[in-house]
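Colleague: Pasting a structure here, questions to come.
Bear in mind these aren't lab numbers, they're just calculated from the coordinates by the rules spelled out. Keep in mind that this is a model prediction, so the values were computed, not measured. Backbone-built Cβ (ideal geometry, glycine too); neighbour counts: all protein chains shown.
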Amino acid sequence: MNNNGTYIDVELSDSIDIPAMMSIIKKLSGYNQHIYYHGSNIDYSFVLHDSCTLQEVDKLESTYKHKLPDDYKQFLLTSNGLNLSQFVSSRIFSVDEIYDVKNVFSSYPENIIIIGACCDATVHIGIDLCSDKENNIFVHDIMDSDSLNSIHCGFAQFLNRFIITYGSSFWEWGMVENH
């Protein structure tokens, strides 16, 4: 419900494409809303950023020596990262933040690109650039260096779950530990 007491009509299904999802996020961003989140009443907002250029995407692919999944590339060309409200630590990184994380956490395999974080940055969200595009999203608890866990979805489905859960426990939709 928005400030005028009317409901915002958005549909969140488990099979949604990036342009539709970004349209929904833009629609939700235009309203001043509050939700009950982990015991607090907080602003419910999304912060979209200016889009990446094709040259920035090409440079990222060149750095990782792999093509980015089409749905993730589509996201970057729409918004260079995504932040939730100022009170929620879950976010999808901008390209510059991806490079920063790569420099600090250099132990990730070459085919893993860290695209976001949650839980006060103790859980990294990554894409395995060599995996099947429908099953390429992983989470890694940085406090448990041996855990790299598939959440059994591609980027578009991850983004949908990330928005639905407001960045909280989106990985519980089907995580299997990968050793």
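Colleague: Residue 41 to residue 105: extension gain in nm, 0.36 nm per residue of separation minus the Cα-Cα distance?
Modeller: So the extension gain works out to 19.7 nm.
Colleague: If each of residue 23 and residue 146 carries a label point 7 Å out from its Cα toward its Cβ, how far apart are those two points in nm?
Modeller: Rounded to a tenth, the inter-label distance reads 4.7 nm.
Colleague: Please report the spacing between the Cα centers of segment 36-67 and segment 142-163 in Å, no decimals.
Modeller: Using only Cα atoms to place each centre, the spacing works out to 15 Å.
Colleague: Evaluate E = 1/(1 + (r/R0)^6) for residue 135 and residue 50, where r is the Cβ-Cβ distance and R0 equals 35 Å; express this FRET efficiency to the nearest 0.05.
Modeller: Numbers: r = 30 Å, r/R0 = 0.87.
Taking R0 as 35 Å, the efficiency between residue 135 and residue 50 is 0.70.
Colleague: Give me the aspartates and glutamates in straight-line cross-link reach of residue 59: C-alpha distance below 13 Å, same-chain residues under 8 apart excluded.
Modeller: Qualifying aspartates and glutamates at Cα under 13 Å: 96.
Colleague: Given labels modelled 7 Å from the Cα in the Cβ direction, how far is it in nm from residue 96 to residue 63?
Modeller: 1.2 nm
Colleague: Among all the aspartates and glutamates, which ones have a C-alpha under 16 Å from residue 26's C-alpha, if same-chain residues fewer than 8 places away are not counted?
Modeller: Residue 26 reaches 9, 11, 17, 43, 50.
Colleague: Over its Cα atoms, what ratio of radius of gyration to 2.2 N^0.38 Å does segment 18-178 give?
Modeller: 0.99
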